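Rule-based calculations on the coordinates, nothing more; no lab input. Quantities reported herein were computed from a predicted structural model and do not represent experimental measurements. All Cβ positions, glycine included, derive from the backbone under ideal geometry; neighbour counts span all protein chains shown.
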Amino acid sequence: MAAFRYSFQKIVDLKSSEKTQAEWLLSSALGELQSEELSLRQLQEEREVWERNVLENAQSSTSLAELQLIQQYIEFLDESIARKLAAVKRAQKSVELKRMRLSDTVKDEKVWLKAKDRALERFRYDMQLKEQNELDEFATVRYITSAP
């Protein structure tokens, strides 16, 4: 019995490889997004701490110069938070693009796998037909040789 060989197997392998690569890229983009979000949370928490510090120091005998310095640092944190928000949005957009690319590659791979499955089914059908024809031929030959 002949073995099934799909003539487009290299393309199927390529599509599978592309899907794996798209999965890795999405995973990397998700990791980057998580990192940016963590960094943003840390900046926001630090800002809250300094803001509380200003409120506490405003009620005590802290000099105006120190309060201004703290306020400048809070403004610096606000700018950093704004930049980090932009970075988070870029990372979210990157994740969305990677998800769409993965979706496309998965669909593409499924198309080729489906084509391979159809080719395998045709091969099996042809093999069954060939086997049945051989059995029919054996039966015919046996009938003819056993006839009086």
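Helix 64-146 axis versus longest C-alpha principal axis of the chain: approximately 0°, rounded to the nearest ten. Using Cβ point charges alone (K and R +1, D and E -1), the dipole size of the chain about the Cα centre works out to roughly 900 debye.
Along the axis of the charge dipole computed for the chain (Cβ charges of +1 for Lys and Arg, -1 for Asp and Glu, origin at the Cα centre), the listed residues Ala87, Ser17, Val49 are led at the positive end by Ser17. Net length available on complete extension from Glu79 to Leu55 is 6.6 nm, with 0.36 nm assigned per residue and the Cα-Cα distance removed. Working note: 222 nm ellipticity from helices only, DSSP H runs with n ≥ 4, each -39,500 (n - 2.57), summed and divided by the residues of the chain, gives -34500 deg cm²/dmol to the nearest 500. Strictly over 22 Å apart at the Cα level, which of Lys19/Lys89; Lys15/Lys89; Lys19/Lys98; Lys10/Lys110 would you flag in this model? From the list (Lys19/Lys89; Lys15/Lys89; Lys19/Lys98; Lys10/Lys110), the Cα-Cα distance tops 22 Å for Lys19/Lys89; Lys15/Lys89. A crude spin-label estimate for the pair Ser103 and Asp136, with each label 7 Å from Cα along the Cβ direction, gives 5.0 nm.
What fraction of the Cα pairs in the chain, stated in percent, has a spacing above 28 angstrom? Considering the chain, 60 percent of its Cα-Cα pairs are separated by more than 28 Å.
Which residue, Glu121, Glu134, Glu48, tops the fluctuation ranking in a GNM of the chain built on C-alpha contacts under 10 Å? Checking each option, the largest mean-square fluctuation is seen for Glu134. The spacing between segment 1-56 and segment 128-148, judged by their C-alpha centroids, is 62 Å.
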